[in-house]
Amino acid sequence: MERTRRILTIGVLSAFIILALMPIIGVHPVSLAKKGWDSLTTSPAHEASFESQADLVVLAGLESDDPELVKAAIYALSNQLESDEISIMFPIVTGDFTEEVQKAALYAIGNHETEEVQTFLTNVALSHERTDLAKAATYALSNSIEDGEVGPLLNILENASHAEVRKAALYQIGNAESDVAVDALVSVIDTEQNAELTKAAVYALANTDNEKAVAALIRVMGSDLPSEVRKAAVHALGNIESDTARKALMDLIQGQ
């Protein structure tokens with residue numbers, strides 16, 4: 001009975017998404033929603049009727065008159081889906097929808113911690129031609145992995161073609177607050193030629209109270225790296241509650 005109620009709820013939300021979207025060429029979304037609903041309520045095989053509702057999401061229209069309404073429906077539908085069902089959201093990301101709606105789908109997908117989700121989000125982050133969506137996929141990916149895990153984000157950092165996407169990965173790696181994350185950020189500081197990415201790695205280190213991060217920032221502060229990078233290290237140290245960081249800042253002031 002619980003399974004039936006859940007499927008009915010998913011069907012209603014899927015149909016709602018269709019009604020909130022503009023019609024696809026030659027097809028009216030109201031007709032699609034009615035067809036899907038009739039299938040859901042009359043079919044003896046509830047699993048099959050669920051698939052028909054997934055088709056409704058896939059066939060959703062080109063544009064939305066009210067993106068906020070559609071975004072709300074996407075989040076609501078996501079809450080009803082099991083992790084092995086979330087793939088019905090994938091076509092919203094890859095289809096011809098508004099960027100707001102596609103981002104909502106990405107964040108909803110990222111709430112599910114499965115290998116399928118991580119693979120999909122990684123592919124979007126690495127290959128989507130629109131930088132903002134690739135960045136959103138990176139943020140969503142960080143939500144789909146376990147706390148402290150950075151492997152998928154390192155993949156984005158190493159292989160993304162857009163600097164802004166790599167920067168997004170750096171910030172999310174910093175949120176992991178693990179030794180592996182700190183080591184990855186320090187490696188970027190030591191080897192990256194792009195000053196903006198180096199600064200991003202420095203600021204990302206400020207997200208953790210890890211003493212290895214403090215030591216790395218102190219080293220950067222006293223290095224011969226560009227002034228803007230060393231200044232970023234000073235700001236980062238100021239954001240870390242650490243006696244070591246405080247002493248380093250005081251020493252810098254007194255040394256002038």
>> Give me the residue from region 239-256 that is touching a residue at least 24 places away in the same chain (Cβ under 8 Å) and farther than 17 Å from SER223 by Cα and, out of that set, surrounded by the most Cβ atoms within 10 Å (Cβ to Cβ).
In response: ILE240
> Going through region 224-256 one residue at a time, which ones are acidic (Asp, Glu) and either more than 13 Å from ALA206 (Cα to Cα) or in contact with a Leu (Cβ under 6 Å, 6 or more places away or on another chain) (or both)?
Replying inline: ASP224, GLU228, ASP243, ASP251
> Which residues, counting only those in region 83-136, are basic (Lys, Arg) and assigned by TED's automatic domain parsing to the domain that holds VAL70?
Replying inline: LYS103
> Quick one: in region 207-235, which of the residues that are of a type in the set (Ser, Thr, Tyr) and out of contact with any Lys or Arg (no Cβ under 7 Å at 6 or more places or on another chain) is surrounded by the fewest Cβ atoms within 10 Å (Cβ to Cβ)?
Replying inline: SER227
> Going by the conditions given, is ALA195 out of contact with any Gly (no Cβ under 6 Å at 6 or more places or on another chain) and surrounded by fewer than 21 Cβ atoms within 10 Å (Cβ to Cβ)?
Replying inline: yes
> Which of the residues spanning region 184-216 are charged (D, E, K, R) and not in a helix (DSSP H, G or I)?
Replying inline: GLU192, ASP209
> When both residues are 6+ apart or on different chains and their Cβ atoms are under 7 Å apart, which pairs have a first residue that lies in region 207-232 and is under 17 Å from ILE173 (Cβ atoms), and a second that is acidic (Asp, Glu) and assigned to a loop (DSSP other than H, G, I, E, B)?
Replying inline: ASN207/GLU177; THR208/GLU177; ASP209/GLU241; ASN210/GLU177
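The values are calculated or read from the model by the stated rules, or taken from the named source; none is laboratory data. Computed from a predicted structure; not experimentally measured. Note: ideal-geometry Cβ built from the backbone for every residue, glycine included; neighbour counts use all protein chains shown.
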